[in-house]
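Since the structure comes first, as structure tokens, the remarks are kept for the end.
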Amino acid sequence: MNDGADAARTKLHITSGKTSAAWILALGLSVSVGAPGTAGAVTLMDLLRGGPGKVERERQDRGFPGVTQQGNAAAAARDVDPEPLPRVSGPRYYTYKTDATRAVDTSKFSSGLAGVKMSATPDVAKALEAYYNAGGQPIWVSNGDLNERASAVLAFFETVGDSGLNPADYSISAPSQDVTASISSEPQAQVQNAALAQEQNIPPAMMQFELALSAKVLAYVQDTARGRVDPNKLSGYHDFKRKTVNLAPVLKLASMSPDVAAYLRSREPSNPEYQALKAELAKLRNEDKDTGNKPVVPGDLVLKPGENNVEMATVVKAIEHRSSTGLKTDHAATLAGYQQTSEYTPELVDLVKAFQSENGLKADGVIGRATVRAMTGDSNEAKIAKLEVAMEQVRWLPADLGDRFVFINQPAFMAYYHNEGKEDFGMKVVIGSKANQTYFFQDEIQTVEFNPYWGVPQSIIINEMLPKLRNDPSYLDRLGYEVSVNGRPVSSSSVNWYGSTQSVSVRQPPSSDNALGDLKILFPNAHAIYMHDTPAKSFFNRDMRALSHGCIRLVDPRRMAAAVLGTSLDNVNKQIAAGENRAVQVPAKIPVYVAYFTAWPDKDGNVQYFDDVYDRDSYVVKAFDATTKARASSI
């Protein structure tokens, strides 16, 4: 893929999270109209070069004021009303809608189950019909009463909270043992069915229970494989092909299994990431409720190397409590030799730096709010909520992430390269700002492009460049951008920026100032998100790095490019030094997970917790609640 090959292709590589609306605009459909823009609006180049106003000041210093007399004259000559500037809106978050249900066709069921009324989701209903229509015998009821198999399943469902699930989703009341049929007021078909049930010693309530418990078993198996929640119903930023779960053999296997609880337990994910989250959940739930022994560091503490503070002893205790086994091993001498003094010594600075690095913070040794938060952590309740969401989201992903893959965890602001089943390295990233959020999806890396062109998306042209261009049509010419209309190169000053921009393409040629830096790593997707270099290196020094237009900026893109290409760093450097815009195919397709986990295990299996930068976990929790309510009403 080379977005510099032709003007049309530039529209494929959109760095904003507002892609859907940008495509609507590109197709000539309507876009929303917002408040009038101003010449002082923040542009992409402002963001890249250090903040609003800096670029404008530099242009004025060079004799290029942002609003020129020529630009004003050109605008006046167009003799058009100053229409409000159009805006391209990004995806939105939804009110979660649970899966629809339908009536289960029980008319052909045998064993006295014909005519029982119940509803279920289409997949579950289909599996019920397939089993019982084929002459499947009752699994959970024997001799008119619950059997041991049913009791085992009911007991198992009470434990599913250990797997981050809600037992209420699978709750079902067992009929009392002395329940009997009352058939005098029933319609004739139901009278006959009840009579048949009594003949087989199966009370009608037990028949209802038989089908209801089968439906719960099927729902559980489906949930463990793909999750309770359909992520695509959460927001436009979630993009997953929801897994298809083969439910056809489930009831037969459940009826044959000597230990049905063990069979159900075997259906949950077995990958190491999920198992680490599950173990952490069990640990938190079993922890002593008495928090008196937990170190409490003041939230407003600020401590710099060389200073003295009475909280130093608490800081060391908190790091020892919260850090990994590896970190404690590496700094065992410092921890063992600490004498509870208030002095922030060089040895303790090294300890704090290691702790900061382990938690994805800037390792400068300065203890501030972010470092204190990492030391004290979330409450157990908050951590458990993050774990439950994370375990749900693991189920959206493949059961096996692969032997070789790239995993980008947005809340951690990190990207990790895995090879031969283990993490090879990780690096800092910049992700989309809250207004330009990065999507949550998976894809495959295909291409590395050296010395790339940057095709400016319509969303940035309209939302950020248009205010400048209406006041100064030569704005893009001076910055060295290439402009074309319907594929024909033109000067920026010749374009009517008060008209539609759908036929206008803008791209930035390769240069040291290019927004994509020296290279980009492509995994073509509907959102045109990719990994790339950036000239804005200072952003990586920040702890909160949700700052881009939606793409993933890498702190060390050359190392990542060498890894996915299976080549040396020297070879990557030579490709860049050649100065040629060149796309190189990745030898083998590598899965990439542009993920969003506020709880995730590190390479040693220790679960780390992160801020919910986009507030996405709350939408998953709301979906949990909606699902539980819907399932309770369908029983």
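The values are calculated or read from the model by the stated rules, or taken from the named source; none is laboratory data. These numbers come from a predicted model, not from an experiment. As a convention, Cβ positions derive from the backbone with ideal geometry for all residues, glycine included, and neighbour counts pool all protein chains shown. Each accessible area value is taken on the protein alone, full model and side chains, heavy atoms only, with ligands, DNA and RNA left out. Shrake-Rupley method; radii C 1.70, N 1.55, O 1.52, S 1.80 Å.
Listed values, structure above:
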read-out	value
Volume of the Cα convex hull of the range 410-502, divided per residue and given in Å³	171 Å³
Over 31 Å between alpha carbons, listed pairs LYS353/LYS574; LYS97/LYS422; LYS294/LYS386; LYS252/LYS283; LYS422/LYS629; LYS328/LYS383	LYS353/LYS574; LYS97/LYS422; LYS252/LYS283; LYS422/LYS629
Accessible-area order (highest first, 1.4 angstrom probe) of the listed residues SER548, SER270	SER270, SER548
Accessible area of MET544 in the full protein assembly, 1.4 Å probe (Å², nearest 10)	100 Å²
10 Å beta-carbon shell around MET427, net charge (K/R +1, D/E -1)	+1
Other-chain or far-sequence residues with amide H under 5 Å of ILE445's (modelled H)	ILE590, VAL592
Whole-percent pair-distance distribution, where bins are 10 Å wide, for the alpha carbons of the range 477-524	23, 43, 29, 5
Volume in Å³ per residue [convex hull over Cα atoms, computed for the range 87-148]	142 Å³
Calculated from backbone phi, Karplus (6.51, -1.76, 1.60) coupling profile of the range 336-351 in Hz, x at Gly/Pro	6, x, 5, 10, 6, 7, 8, 7, 8, 7, x, 5, 6, 4, 4, 4
Cα-Cα P(r), the range 309-440, percent of pairs per 5 Å interval	2, 8, 15, 17, 19, 15, 12, 7, 4, 2, 0
Rg/Rh ratio calculated on Cα atoms of the range 201-242 (Kirkwood radius)	1.28
Sorted largest first, extent of the range 222-369 alpha carbons per principal axis (Å)	68, 41, 28
Quotient of Cα Rg and 2.2 N^0.38 Å for the range 292-345, N being how many residues it contains	1.14
ARG228 accessible area, 1.4 Å probe, all protein chains in place, Å² to nearest 10	10 Å²
Rotationally averaged projected area of the range 430-566 (alpha carbon convex hull; nm²)	9.1 nm²
Whole-number percent relative contact order across the range 385-451, with pairs defined as alpha carbons under 8 Å at least 6 apart	18 percent
Sum of side-chain charges, SER171 neighbourhood, beta-carbon under 13 Å (Lys, Arg +1; Asp, Glu -1)	+1
Contact order relative to length of the range 106-163, as percent, for alpha carbon pairs under 8 angstrom and 6 or more apart	26 percent
Table column - 3J(HN,Hα) (Hz), the range 366-372, Karplus curve with 6.51, -1.76, 1.60, x for Gly and Pro	8, 8, x, 4, 5, 5, 4
Size descriptor, Kirkwood hydrodynamic radius, that averages inverse alpha-carbon separations across the range 518-635, Å	17.8 Å
